[in-house]
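Each remark here refers to the structure printed beneath this line.
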Amino acid sequence: MIDLEIPGYKHLRLEHLVLDVNGTLAFDGKLLVGVQPRLQKLQQLLNIHLLTADTHGKQASIDTILGLKAHIITQGSAEKADYVQALGAENVVTMGNGANDVAMSECAALSIAVLGQEGAAGVLIRTADVLVRDIGDGLDLLLFPQRLRATLRR
């Protein structure tokens, strides 16, 4: 768990990390460099969940590399939000880059929009708590939570 008081903002008690895959963790179906070791470290702090439509048909190989099993999304953004709600949204941090990540972002305790090689949907950027330039920076915010405090304190 990550337990973090952010002055003037909120108290976070994060237990779950819900990640979009394509455009966030992977580009054109290929896992981005540096993701695997960071997620391995984060597994000591958080339960990690992958959500994907498997756009490129390569999720099985990503699952093997990460030692995780992604949940395949068939209904779009509402399904992602339902997944977060079922975990207990008040204990969830989400990361994504697409318009279909907005609903899960809005219900999570903390949402991080990732501006990667595919870009990020403007509507997600407007609803996220934090915008990062790439997935490595986003995962590092959780590995070094004082960075979150510095970014979000008021």
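The values are calculated or read from the model by the stated rules, or taken from the named source; none is laboratory data. Quick caveat, the model's predicted, so the values are computed rather than measured. Here Cβ is always computed from backbone atoms with ideal geometry, including for glycine, and neighbour counts include all displayed protein chains. Note: accessible area is taken over every heavy atom of the protein model, side chains too, but ligands, DNA and RNA are not part of it. Shrake-Rupley method; radii C 1.70, N 1.55, O 1.52, S 1.80 Å.
If you take the Cα atoms of the range 31-154, find Rg, then find the Kirkwood Rh from the mean of 1/r over all pairs, what is Rg/Rh? Using only Cα positions, Rg/Rh for the range 31-154 is 0.93. Shown here for the range 1-79: trypsin sites (Lys or Arg not before Pro) in loop regions (DSSP other than H, G, I, E, B) with at most 13 other Cβ atoms within 10 Å, namely LYS69.
The trypsin sites (Lys or Arg not before Pro) found in the range 118-149 that occupy coil by DSSP, while having at most 13 further C-beta atoms within 10 Å, are ARG133.
Full extension of the chain between THR151 and HIS11 gives 49.0 nm of extra length, using 0.36 nm per residue less the Cα-Cα distance.
Before I look further, what does the chain give for accessible area per residue, probe 1.4 Å, in whole square angstrom? Walk me through the numbers on the way to the answer.
Numbers: 7250 Å² over 154 residues.
Spelled out: the 1.4 Å probe surface of the chain, per residue, equals 47 Å².
Ratio of Rg to Rh for the range 1-80: 1.03 [Cα atoms; Kirkwood radius as inverse mean 1/r over pairs]. Simple spin-label estimate for ASP137 and ASP54 gives 3.2 nm between the two label positions (7 Å along the Cα-to-Cβ direction from each Cα).
Among DSSP bridges having both ends in the chain, what percentage is antiparallel? Round to the nearest 5. Show your work: numbers first, answer last.
On the way: 8 of 27 bridges.
Looking only at bridges with both residues in the chain, the antiparallel portion is about 30 percent.
Of the residues TYR9, ALA78, VAL114, the one whose Cα sits farthest towards the positive end of the charge dipole of the chain is TYR9 (charges of +1 on Lys and Arg Cβ, -1 on Asp and Glu Cβ, taken about the Cα centre). Here's how it looks for SER111: its modeled amide H is under 5 Å from those of THR94, ASP129, VAL130, which are all 5 or more places away or on a different chain.
What percentage of the solvent-accessible surface of the chain, computed with a 1.4 Å probe over protein heavy atoms, is contributed by carbon and sulfur atoms?
Values: 3590 of 7250 Å².
Here carbon and sulfur together make up 49 percent of the probe-accessible area.
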